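**Student:** After the structure tokens below, expect a handful of questions from me.
The values are calculated or read from the model by the stated rules, or taken from the named source; none is laboratory data. Please read these numbers as outputs of a predicted model, since none were measured by experiment. Every residue, glycine as well, gets a Cβ built from its backbone with ideal geometry; the counts of neighbours run over all protein chains shown.
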Amino acid sequence: MKTRSKITLGMLTARKKERRKIPMVTCYDYTTASIIEQTEIDAVLVGDTYAEVCLGHDTTLPVTMDHLVTITEAVRRGAPSKLLIGDMPYLSYQVCPEDAIRNAGRFMAEAGCDCVKVEVDRRLADTVSAMSRATIPVMAHLGLKPQSIHCHGGYKAQAKTAEQAMTLLEDAAILERAGAVAFLLEAVPAEVARLLTERTALPVIGCSAGPYCDGTVVVLHDMLGCLAGHPPRSVKRYAELHRVLHEAFDAYAGDITGERFPEEARSITMSKNEFERLASLLTKDP
């Protein structure tokens, strides 16, 4: 197995300066992470989307710190060289800076993260600053913030007016001064994403934010076609695993009911001598 150099935040910043795009995906388990480890993907986000794509919830809100720390540990074991980002779940950082530091510290110490992601705007700049002072690198998530879904009124694009876009750009500048080390920009117009990317020295990772960001992140299940139905319009599908898995499960069920599997040729067998001894013992059984 090829040993890869560890990807760092400094390397992402260098990629931005070199105009070299940064590929990032979400991941939630060791097996998938071990495959990602052998690819040219730079960074892995263990997202709170786990609540939706793995636990079946309608929103990201129900997932807990314990859930995310546990699966992030597994992803780190599978992908030791990738830049690993832990996604701070709902109410793990909004209440007070002390909570934010304590919970983010779990991602860093227990799960081996390189960075944590928080859904913020200028109102949480003091929290980002406190986390930064506590030596916790923070990726600031702007634009559509799924943990604020009830405030947004649904999964809707953000910063579509000039005033909204200006507020977002101002928030980004405030959060950069507060100590953020990178941005994740979700569901905003490509023009706004381009402006932010050009105005900051920090890496900007887009999620449904057009082609001008320094990199892009997608939800793994969307890009692989794991779920039935249609992925978000902005996501390109690179496989159709829902169909492949459906066919595999149906084939398996058909082999069981049709008595084609398991076959005797695949079975564990006793030596002829041991079977004869067993038969002898059975004849003596009262």
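**Student:** Test of understanding: among Ala33, Ala109, which residue is out of contact with any strand residue (DSSP E or B) (no Cβ under 9 Å at 6 or more places or on another chain) and in the same structural domain as Ala14 (by TED's automatic domain parsing)?
**Tutor:** Details: Ala33 fails: out of contact with any strand residue (DSSP E or B) (no Cβ under 9 Å at 6 or more places or on another chain).
Answer to the check: Ala109.
**Student:** Taking the stretch 244-283, which residues are under 40 Å from the mean Cα position of the chain (by Cα), surrounded by 10 or more Cβ atoms within 10 Å (Cβ to Cβ) and charged (D, E, K, R)?
**Tutor:** Matches in the stretch 244-283: Glu247, Asp250, Asp255, Arg260.
**Student:** Which of the residues that make up the stretch 54-94 are in contact (Cβ under 8 Å) with a residue 60 or more places away in the chain and out of contact with any strand residue (DSSP E or B) (no Cβ under 8 Å at 6 or more places or on another chain)?
**Tutor:** Thr59, Thr60, Leu61, Pro80, Ser81
**Student:** Do we find that Ala134 is out of contact with any Gly (no Cβ under 8 Å at 6 or more places or on another chain), surrounded by fewer than 19 Cβ atoms within 10 Å (Cβ to Cβ) and at pLDDT 95 or above in this structure?
**Tutor:** Values: out of contact with any Gly (no Cβ under 8 Å at 6 or more places or on another chain): no; surrounded by fewer than 19 Cβ atoms within 10 Å (Cβ to Cβ): yes; at pLDDT 95 or above: yes.
So Ala134 does not fit the description; no.
**Student:** So in the stretch 77-112, with the set limited to residues that are of a type in the set (Gly, Ala, Ser) and closer than 16 Å to Lys145 by Cβ, which one is surrounded by the fewest Cβ atoms within 10 Å (Cβ to Cβ)?
**Tutor:** Ser92
**Student:** Filter the stretch 138-171 for residues that are among the small types (Gly, Ala, Ser) and within 15 Å of Val118 (Cα to Cα) and give the result.
**Tutor:** Taking the stretch 138-171 and keeping what is among the small types (Gly, Ala, Ser), we get 140, 143, 148, 153-154, 157, 159, 162, 165.
Selection gives Ala140, Gly143, Ser148.
**Student:** Looking only at residues in the stretch 141-164 that are of a type in the set (A, V, I, L, M, F, W, C) and in a helix (DSSP H, G or I), which one is nearest to the chain's Cα centre (by Cα)?
**Tutor:** Of the stretch 141-164, the ones of a type in the set (A, V, I, L, M, F, W, C) are 142, 144, 149, 151, 157, 159, 162.
Next, from what is left, pick out any that are in a helix (DSSP H, G or I): 149, 151, 162.
Numbers: Ile149: 19, Cys151: 23, Ala162: 31 Å.
Ranking the candidates gives Ile149 first.
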